[in-house]
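This report refers to the structure that appears directly beneath it.
The values are calculated or read from the model by the stated rules, or taken from the named source; none is laboratory data. Keep in mind that what you see is a predicted model, and the values were worked out from it rather than measured. Positions of Cβ are generated from backbone atoms using ideal geometry, with glycine treated the same way; all protein chains shown enter the neighbour counts.
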Amino acid sequence: MIEFKEVSKVYEDNFEVLKNINLRVNKGELLVLIGPSGCGKTTTMKMINRLIDPTKGEIFINGNSIKHRNPVELRRNIGYVIQQIGLFPHMTIQDNVALVPKLKKQDPKKYLKKVDELLEMVGLDPEIYKNRYPTELSGGQQQRIGVIRALAADPPIILMDEPFSALDPISREQLQDELLNLHNKLDKTIVFVTHDMDEALKIADRICIMREGEIVQLNTAEEILRHPANDFVKNFIGEKRLNSYNGFDFPPIDEFISKAITIREDKGLAEAINQLRQNRVDSLIVVNKSNQYKGVASSWDIYRNYNDEKLKIKDIVRTDYACIKENDSVEKALIMIKESNKGYVLVLDDNKKVKGVITNGSLVKLLANKVIKDN
Amino acid sequence: MNGESLLSSFINTTIERWPMVLDSILSHLSISLMSLAIAVLIGIPLGIFITRHRKFASVIIKIASVFQTIPSVALLGFMIPFFGIGRKPAVIALTIYALLPILQNTYTGIVNCDEAAKEAGKGMGMTSFQVLYMIEIPLSLSIIMAGIRTATVMTIGVATLASLIGAGGLGDLIFRGIASVNPGLILTGAVPSAVLAVLFDSIFRFLERQLTPKGLRK
């Protein structure tokens, strides 16, 4: 759809903003250009509608070079959304949205209907909003207009230059969701510039990470998170996101260990019942003299065999319980709890000494902490 | 002479010499408005031109400012060797005088209007001319109009001096009043001049409000 071939840009002061960029944007994809400021992401985007012309190399849209396309005509066929929104304060919302169709001299009847449809699509009642002026709208509403203004003439390509970064966090989230919706519905090719990695991960089909005029990595969010190309990418994504990708942010396992109620293997069953009652548990962890794990004695087995006075704990012990090491991940513990159906998993150290148990209760605690943290 | 007799002298003179007063008012107006019209026709396009060619901006604005610093009486005098006496040199001098506020306000108005709107317009495929008349002029209209108003008030005032180079106008009454030590006659020239200035200022203020796009009105 859009293709950059060996594109470079050198400014008059010999500053090289782009160095030999080769890039393909596929039809219907949402490609995010991201990088620290000065990396050339905006320059790259602005070359697509010829707001900036390359010093070297060529850009193709649908296989045709845009080098000699009339920029005005080219731009009317490419939607453009900017960070500062840039609505025309002296025009009504309707006139703002209808601008490009008007410039293209389309039939007013048709495009005015389209304006109403677009307003409805972003949840703004046309009857209320179309005759208002931009200053009468909130920031989030204004940028919604900014976005649908780019859609009014139904261009196949839309360029978005940090469109949501000046908005408050709630509006930003909403607009990102709405953009994803629009993108799913409308099958547009979108080139989206941002410096916000969370935004990129959320909306992108593919992410193009740039640095000092070069593309460092171009791939899906999944691939970039799994295989960051180098330390720069790792840093840019941030350690936190790389971890949180593996499920979510788990604290270390020892925060979830509850005390294990243990019993020595050579004790009798009466003593075991006493332990069960005192600690209000339904099974005891069996250890030897040096506190090494030997198995589990369930209350069921203890009560059932109580009448046989000769029996010791070691005679009724079962060993088919799930154990993990203390340096394993919490995730692994959770999976084992789920699979074992016993409601808990034992945590041992390298010498098979019992460190404690992780129970279903720990899982609830973990989720509760997560919920509290997120709010 | 006390205030009461000054007032009655002013009223009597105005009534007695009404045909002459009316004549002076009309010629005063015609000189002023003609100069203004020419200044607008030159100043606005020139102001727009220098927004497009910024390297000329400071030079052109400086030249206009230099003319502004010449005392008005002297500027009128300068015209005589080149254009003789009468209305023509007066109109030229007044035009030069009115040029700066119009030129400068046009330039500043356009240069300072919302960058984001201009960028959005350009990025959506407006031609440079469309950016000018669909965005820049509507957005800077109130500043341009303010320049025109300043120029109007100034021109109507300075036009009284045009009488010195034989252009007629209300200055005739004022200078005749000075020569004959007739304060009533001075007022007969001065009061209509002030009234005209205030009147035209209000007219342009009204026009400005009407022309300001609804979304920008406060």
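Out of everything in region A:340-371 that is β-branched (V, I, T) and closer than 20 Å to A:L284 by Cα, what residue ends up being modelled with the lowest pLDDT?
A:T359
I'm checking my understanding of the structure. Among residues of region A:73-88 that are crowded, with 18+ Cβ neighbours inside 10 Å and free of Cβ contacts under 8 Å to residues at least 60 places away in the same chain, which one is farthest from A:V193 (Cα to Cα)?
A:F88
Given the conditions (1) closer than 30 Å to A:C323 by Cβ; (2) in contact (Cβ under 8 Å) with a residue 40 or more places away in the chain; (3) in the same structural domain as A:L119 (by TED's automatic domain parsing), report the number of the one that A:T189 does not fulfil.
(1)
Collect the residues in region A:48-105 that are within 8 Å of chain B (Cβ to nearest Cβ), assigned to a helix (DSSP H, G or I) and within 30 Å of B:R217 (Cβ to Cβ), keeping them in residue-number order.
Answer for region A:48-105, where residues must be within 8 Å of chain B (Cβ to nearest Cβ), assigned to a helix (DSSP H, G or I) and within 30 Å of B:R217 (Cβ to Cβ): A:L99, A:V100, A:L103.
Between A:E16, A:E29, A:E12, which is more than 14 Å from chain B (Cβ to nearest Cβ), over 23 Å from A:L180 (Cα atoms) and touching a residue at least 60 places away in the same chain (Cβ under 8 Å)?
A:E16
Which of the following residues is surrounded by 15 or more Cβ atoms within 10 Å (Cβ to Cβ) and over 22 Å from the mean Cα position of the chain (by Cα): A:P126, A:P163, A:P108?
Of A:P126, A:P163, A:P108, the one residue that is surrounded by 15 or more Cβ atoms within 10 Å (Cβ to Cβ) and over 22 Å from the mean Cα position of the chain (by Cα) is A:P126.
Take the residues in region B:103-127 that are small (G, A, S) and closer than 19 Å to A:I52 by Cβ; name whichever of them is farthest from the other protein chains (Cβ to nearest Cβ). If you could, list the steps in order and put the result at the bottom.
Just the residues of region B:103-127 that are small (G, A, S), to begin with: B:109, B:116-117, B:120-121, B:123, B:125.
Then drop every residue that is not closer than 19 Å to A:I52 by Cβ, which leaves B:116, B:120-121, B:123, B:125.
Values: B:A116: 3, B:A120: 3, B:G121: 7, B:G123: 4, B:G125: 3 Å.
Filtering first and then ranking leaves B:G121.
For the condition closer than 14 Å to B:A39 by Cβ, part of a helix (DSSP H, G or I) and at pLDDT below 95, what is the one hit in B:A64, B:A117, B:A74, B:A57?
B:A64 is the lone residue from the list that is closer than 14 Å to B:A39 by Cβ, part of a helix (DSSP H, G or I) and at pLDDT below 95.
Which one of A:D320, A:D328 is touching a residue at least 24 places away in the same chain (Cβ under 8 Å) and either of a type in the set (D, E, K, R) or not assigned by TED's automatic domain parsing to the domain that holds A:A297 (or both)? I'd like the intermediate steps shown before the answer.
Values: A:D320 fails: touching a residue at least 24 places away in the same chain (Cβ under 8 Å).
Going through A:D320, A:D328 in turn, the sole match is A:D328.
Go through region A:107-153 and give me each residue that's among the basic types (K, R) and within 11 Å of chain B (Cβ to nearest Cβ).
A:R132, A:R149, listed by residue number.
Does region B:75-94 contain at least one residue that is under 24 Å from B:S142 (Cα atoms), out of contact with any His (no Cβ under 6 Å at 6 or more places or on another chain) and surrounded by 17 or more Cβ atoms within 10 Å (Cβ to Cβ)?
Yes - at least one qualifying residue is present in region B:75-94.
When the residues of region B:164-218 are narrowed to those that are crowded, with 16+ Cβ neighbours inside 10 Å and among the aromatic types (F, W, Y), which ends up nearest to B:I143 (Cα to Cα)?
Ranking the candidates gives B:F204 first.
When you scan region A:280-295, how many residues do you find that are among the hydroxyl-bearing types (S, T, Y) and under 14 Å from A:V347 (Cα atoms)?
1
Answer with yes or no whether B:V153 is surrounded by fewer than 21 Cβ atoms within 10 Å (Cβ to Cβ) and not in a helix (DSSP H, G or I).
Here the answer is no, as B:V153 does not meet what is asked.
Taking region A:137-174, which residues are in contact (Cβ under 8 Å) with a residue 60 or more places away in the chain, acidic (D, E) and outside any loop (DSSP other than H, G, I, E, B)?
A:D161
A:N49 - would you say it is surrounded by fewer than 18 Cβ atoms within 10 Å (Cβ to Cβ) and touching a residue at least 60 places away in the same chain (Cβ under 8 Å)?
Criteria not met by A:N49.
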